[in-house]
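This report concerns only the one structure given below.
None of the figures in this text is laboratory data; all of them are computed from the coordinates on show. Since we're looking at a predicted model, the values are computed, not measured. Here the Cβ positions follow ideal geometry from the backbone for every residue, glycine too, while neighbour counts run over all protein chains shown.
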Amino acid sequence: MFHTNLENTSRYIRQMNLPDIGEIGQQRLADARVLIIGAGGLGVPNLQYLAAAGVGTIGLVDGDKVSLSNLHRQVLYREADVHKPKVQVAVQHLLDLNHHIRIIPYETYLNRDNILEIFTGYDLVIDGTDKIPVRYLINDACYRLRIPFIYGSIYRYDGQVAVFNALQEDGSRSTNYRDVFPTPPPPNAIPDCIDGGVIGPLPAIVGNIQAFQAMQYLLTGKCSLINTLLTIDASSMDFRHIRIKMLKENPLYHHEPEATPLIDYDAFCKQSSQLNQPMKSVNVKQLKLMLDAGEDIQVIDVREPYEYDIVNIGATLMPMSQIGNYVDEILKDKPVIVHCRSGKRSGDIIQWLESEYGYDNLYNLEGGILAWADEIDSSLPKY
């Protein structure tokens with residue numbers, strides 16, 4: 001509960017001076033219950049700014065410990081915190097920042113057995129995980145419980161933010177994560193920060209945008225990234241807004257929300273020991289020669305539809321998130337060139353197709369469409 005007194009007024013006066021907040025808005029923040037999944041690169045800025053803003057109850061889910069490699073971007077922690085449980089350390093530091101709020105710690109990892117119990121009673125869930133299976137689990141549980149879900153992700157110099165499952169003026173819910181990515185990708189398709197690398201300010205940018213969206217929603221019931229995917233290229237400071245529409249292939253729409261099944265995504269995305277075999281590849285100059293010569297090949301683009309709309313080279317679109325639906329269309333009697341943005345996702349798709357379906361005619365396009373823009377057609381936009 002927010003109490004108007006000298007200490008509280010002094011603490012929050014700068015944001016209370018905003019016409020959309022004031023004492024009423026500050027009371028809304030004090031009454032709010034926000035759950036943050038993950039106390040890492042994305043979770044930390046969310047935790048710090050929402051705690052500082054006076055969000056009354058903040059739940060925190062994380063089963064990890066602080067490591068030395070966290071410190072360059074997870075600035076809530078100190079060297080003395082290394083090897084300590086993140087949740088315990090975060091609670092102490094956040095209460096040192098603002099002792100008027102309540103922090104509910106969940107020193108565990110989410111799974112389908114505990115997620116519904118943990119999520120129940122919260123007004124908003126913020127995604128700070130870098131684990132794809134967990135993100136689907138978060139999305140599906142929020143859909144089932146009708147809780148808004150603020151998504152954030154990073155990969156190297158790229159970031160994404162969106163607000164899913166928000167209550168709209170007509171009483172319906174906005175789009176959700178599966179309207180962008182209907183089904184989980186093959187194993188190892190998207191690396192975490194350990195494999196992909198991360199520069200400290202990028203998760204801070206993405207996490208702070210998430211926190212801002214959270215405050216907008218808590219204060220007004222609206223926010224700017226509902227039905228919209230914000231993509232960020234930090235290397236060029238290019239920000240794009242992409243409209244999201246409800247996707248008929250979204251499997252959640254085949255069930256009533258309360259009957260939404262919570263799939264065991266750890267089993268669904270189980271790692272395969274066969275996914276590390278060498279693969280054949282071609283570079284963009286070789287592909288250009290093949291196309292100019294009219295060679296009988298198939299070229300497949302495994303990026304998502306919104307990426308294809310930004311830029312493409314005329315390949316057949318078979319999104320990685322739906323690749324299982326296209327297996328019958330991938331030819332086995334001629335060379336098949338598979339490409340994505342940079343060559344990572346297409347390589348993972350090739351390994352999966354070779355392992356699961358026995359393909360031996362697949363070639364990865366080295367460097368993907370970025371290499372094509374660099375070496376073949378500089379007029380193409382990079383994103």
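Quickly work out the Met246-to-Tyr308 label distance, labels modelled 7 Å from Cα along the C-beta direction, and quote it in nm with one decimal.
Computed distance between label sites Tyr308 and Met246 equals 2.3 nm.
Report the FRET efficiency, 1/(1 + (r/R0)^6), for Ser378 and Val75, where r is their Cβ-Cβ distance and R0 is 45 Å, rounded to 0.05.
Given R0 = 45 Å and the Cβ-Cβ separation, E is 0.70.
Angle, helix 86-97 long axis vs. longest principal axis of the chain, Cα atoms, 0 to 90°, nearest 10?
40 degrees
Using 0.36 nm per residue, how much length does the chain from Asp233 to Ala52 gain when fully extended, once their Cα-Cα distance is taken away? Don't jump to the answer; show the numbers that get you there.
Values: separation 181, 0.36 × 181 = 65.16 nm, distance 2.79 nm.
Extra length from Asp233 to Ala52 when fully extended: 62.4 nm.
Under the rule of at least 5 residues apart or a separate chain, name every residue whose amide H is placed under 5 Å from the amide H of Ile36.
Gly59, Leu60, Val61, Ile126
Taking Cα atoms, how many degrees apart are the long axis of helix 43-53 and the longest axis of the chain, rounded to 10 and kept between 0 and 90?
Once rounded, the angle reads 30 degrees.
Using θ = phi - 60° and the Karplus form 6.51 cos²θ - 1.76 cosθ + 1.60, what ³J(HN,Hα) does each residue of the stretch 250-260 get, whole Hz, x for Gly and Pro?
4, x, 5, 6, 8, 9, 5, x, 5, 9, 4
At 0.36 nm per residue, minus the direct Cα-Cα distance, what do Met279 and His255 gain on full extension? Give it in nm, one decimal, please.
The Met279-His255 span can extend by a further 4.7 nm.
Picking from Pro278, Pro335, Pro257, which is most flexible by a Gaussian network model of the chain using Cα springs under 10 Å?
Among Pro278, Pro335, Pro257, the largest mean-square fluctuation in the Gaussian network model of the chain belongs to Pro278.
Considering only Arg146, Arg173, Arg14, give the residue with the highest GNM mean-square fluctuation for the chain, with springs between Cα atoms whenever their separation is below 10 Å.
Sorting by GNM fluctuation, first place goes to Arg14.
Among His83, His93, His339, which comes first, second and so on when ranked by fewest other beta-carbon atoms within 10 Å?
Working: His83 9, His93 18, His339 31.
Ordered by Cβ neighbours within 10 Å, fewest first: His83, His93, His339.
With springs connecting C-alpha atoms under 10 Å apart, model the chain as a Gaussian network and identify which of Gln27, Gln286, Gln216 has the largest mean-square fluctuation.
The residue with the greatest mean-square fluctuation here is Gln286.
Charges at C-beta only: +1 for Lys and Arg, -1 for Asp and Glu. How large is the resulting dipole of the stretch 1-70 about its Cα centre, in Debye rounded to 20?
Result for the stretch 1-70 is approximately 60 debye, rounded to the nearest 20.
Among Thr120, Thr175, which comes first, second and so on when ranked by fewest other beta-carbon atoms within 10 Å?
Ranking Thr120, Thr175 by Cβ neighbours within 10 Å, fewest first, gives Thr120, Thr175.
Ranked highest first by average number of other Cβ atoms within 10 Å, how do 342-355, 30-43, 370-383 line up?
So the order, starting with the most tightly packed, is 30-43, 342-355, 370-383.
Stretch Tyr326-Glu117 to full length: gain in nm at 0.36 nm per residue minus the Cα-Cα span?
Values: separation 209, 0.36 × 209 = 75.24 nm, distance 3.69 nm.
Once the chain is fully extended between Tyr326 and Glu117, it gains 71.5 nm.
Given a cut-off of 20 Å, name the pairs among Lys280/Lys344; Lys288/Lys334; Lys248/Lys344; Lys131/Lys222 whose C-alpha atoms lie farther apart than that in the structure shown.
Details: Lys280/Lys344 14 Å; Lys288/Lys334 17 Å; Lys248/Lys344 28 Å; Lys131/Lys222 27 Å.
Violating the 20 Å Cα-Cα cut-off are Lys248/Lys344; Lys131/Lys222.
So how tilted is helix 201-220 from the main axis of the chain? Cα-based, degrees 0 to 90, rounded to 10.
Taking Cα atoms only, the helix is inclined about 60 degrees.
Just rank Ile150, Ile118, fewest to most, by other beta-carbon atoms within 10 angstrom.
Fewest-to-most Cβ neighbours within 10 Å comes out as Ile118, Ile150.
Between Glu107 and Asp292, what is the spin-label point distance in nm, taking each point 7 Å from the Cα along the Cα→C-beta axis?
6.4 nm
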